[in-house]
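So the structure is just underneath, and the comments pick up after that.
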Amino acid sequence: MNIHEYQAKQLFEKFGVASPRGIVASTAEEAGKAAREIGGPGLVVKAQVHAGGRGKGTFKNGFKGGVHVVDTPEQAEEIAGQMLGQTLVTHQTGPEGKLVSKVLIAKAVDITKEYYFAILFDRVSSNHAIIASTEGGMNIEEVAEKTPEKITKEFINPALGLQPYQCRKVAASLGLQGPLANQAVKLFSALWNLYLKADCSLVEINPLAITTDGQVVALDAKFNFDDNALYRQKDVTAMRDTTEEDPREVAASEFGLNYIGLDGNIACLVNGAGLAMSTMDIIKFHGGEPANFLDVGGGATKEQVTAAFKIILGDPKVEGILVNIFGGIMDCDIIANGIIAAAKEVSLTIPLVVRLEGNNVEAGKATLAASGLKITSASDLTDAAQKIVAAVKAA
Ligand code: ADP
Ligand code: MG
């Protein structure tokens, strides 16, 4: 799960991470009011979308930039009016862009230098890691590729936590000394505390800035949270903005389905994440393109299977469905009945190939055959993939 920058600021405040004051606004008037409250001169208006690269982005109506530094509250109000209700396209949004329905009005600071700072979960080393660089405000992937020596990596042992010496080491690697280093160390440990307590998997500050009056402040914030920990993060969960998410994934999460939308035309309905991935691989191997990853879980109910069918068919790109179920705990006959009920309820018209295996499979196959529906039965994974790819090509 992700959150907006203005929500990240609320977490910054709670955990004592230094960052310029900001107020969120949904209308130009609200933005004007917020700007007067914060007070000029020196304000920044920032489009609130779940994507980076806003500063260099362009709105579909031609208006340039999702981040504007202005002098007066009047200018802030005017810029907010230009952004709100418009679609911002950045290198992270894809060509369809993202609708801006909120802007953040924040105090602008005079920047001397921008740094990159992130804490993330490093799966390779099974540690948390700090990634920091003097090349802030830029695309960090590009820095990593072209000038890897400008990136500092500091691993944090999860049992020990971030140690003060490590904060000092990172600050020194950024060339910070004296009071600036002290402030940076304080900010790093506050951020670590936040990262840990809020169950983040990523906190990225790009840029972390030094101001002309000698302050170290976080000017941007990108957060990722561990979805498996959301049950104990009520405050964070309340920040979820489903309008920023793929509507198919939102619907799936309501039914406890693990769904990820993809670009192909063959929908997959599978139990088990490993089997779901193998199914996508084998579709691709036989010349098809999967439309989604979908794991209905080990004990899927008829309601879940029906919901899964509806989500799949809600995607206009889908031209065929491959159901691949291994009845380990599940009874194949129950699944067969679920598929039939779902197919009838959604009046299925596109090709459906079903591969069932495992517990009570013969009864399941007989149920499908007796249903009178146009369901193609497959004997194994290869057979299933070949049949659905052929059916979609023929349609
Ligand atoms: P994005 O990464 O989406 O483009 P940022 O929040 O990083 O958005 O803003 C882009 C740039 O705008 C920053 O690199 C910084 O130079 C400038 N900026 C952002 N916030 C402020 C602020 N409060 N005061 C002054 N400049 C800012
Ligand atoms: Mg940024």
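What follows is calculated from the coordinates using simple rules that are stated; it is not laboratory data. This one's a predicted model, so the numbers in the text were calculated from it and none came from an experiment. Glycine also receives a Cβ, built like all others from the backbone with ideal geometry; neighbour counts cover every protein chain displayed.
Points to keep in mind about this one:
- Simple label model, 7 Å out from Cα along Cβ direction - Glu249 to Glu303, nm: 2.5 nm
- Reference-scaled alpha-carbon Rg (2.2 N^0.38 Å with N residues) for the chain: 1.19
- What you get for the range 21-107, charging only the Cβ of Lys and Arg (+1) and of Asp and Glu (-1), is a dipole of about 340 debye around the Cα centre.
- Principal semi-axes in Å for the range 164-290 [√(5λ), Cα gyration tensor, largest first]: 42, 18, 14
- Normalised by 2.2 N^0.38 Å, where N is the number of residues, the alpha-carbon radius of gyration of the range 246-394 equals 0.91.
- With Cα atoms defining each centre, the range 6-83 and the range 200-276 are spaced 22 Å apart in the structure.
- Principal axis box of the range 111-237, alpha-carbon based, largest edge first, Å: 42, 31, 26
- Amide H contacts under 5 Å for Leu262: Asn292, Phe293, restricted to partners 5 or more places along the chain or on a different chain, H placed in the peptide plane at 1.01 Å from N.
- Listed residue pairs exceeding 18 Å between alpha carbons, taken from Lys9/Lys46; Lys33/Lys107; Lys33/Lys222; Lys9/Lys150; Lys9/Lys153: Lys33/Lys222; Lys9/Lys150; Lys9/Lys153
- Per-pair calculated FRET efficiency, R0 = 22 Å: Asp227 and Arg123 via Cβ, rounded to 0.05: 0.90
- Across the range 217-229, computed HN-Hα scalar couplings (Karplus, 6.51 cos²θ - 1.76 cosθ + 1.60, θ = phi - 60°) run 9, 8, 9, 9, 8, 10, 10, 10, 10, 6, 4, 6, 9 Hz from first to last residue, x flagging Gly and Pro.
- Average projection area in nm² (convex hull over Cα atoms of the range 227-304, one quarter of hull surface): 6.1 nm²
- Per the Debye calculation on the range 21-107 with a single equal scatterer at every Cα and no solvent contribution, log₁₀ I(q)/I(0) for q = 0.13, 0.18, 0.24 Å⁻¹ amounts to -0.34, -0.63, -1.05.
- Leu160 versus Lys197: modelled label distance in nm, points set 7 Å from Cα along the beta carbon direction: 2.4 nm
- Interchain or long-range residues, amide H under 5 Å from Leu352's placed H: Ile321, Thr376
- 3J(HN,Hα) couplings calculated from phi for the range 236-242 with the Karplus curve 6.51 cos²θ - 1.76 cosθ + 1.60 (θ = phi - 60°) are, in sequence order, 5, 4, 5, 8, 4, 10, 5 Hz; Gly and Pro show x.
- Percent of Cα-Cα distances greater than 20 Å, calculated over the range 287-348: 25 percent
- The angle between the Cα long axis of helix 273-285 and the longest principal axis of the Cα atoms of the chain comes to about 80 degrees, rounded to the nearest 10.
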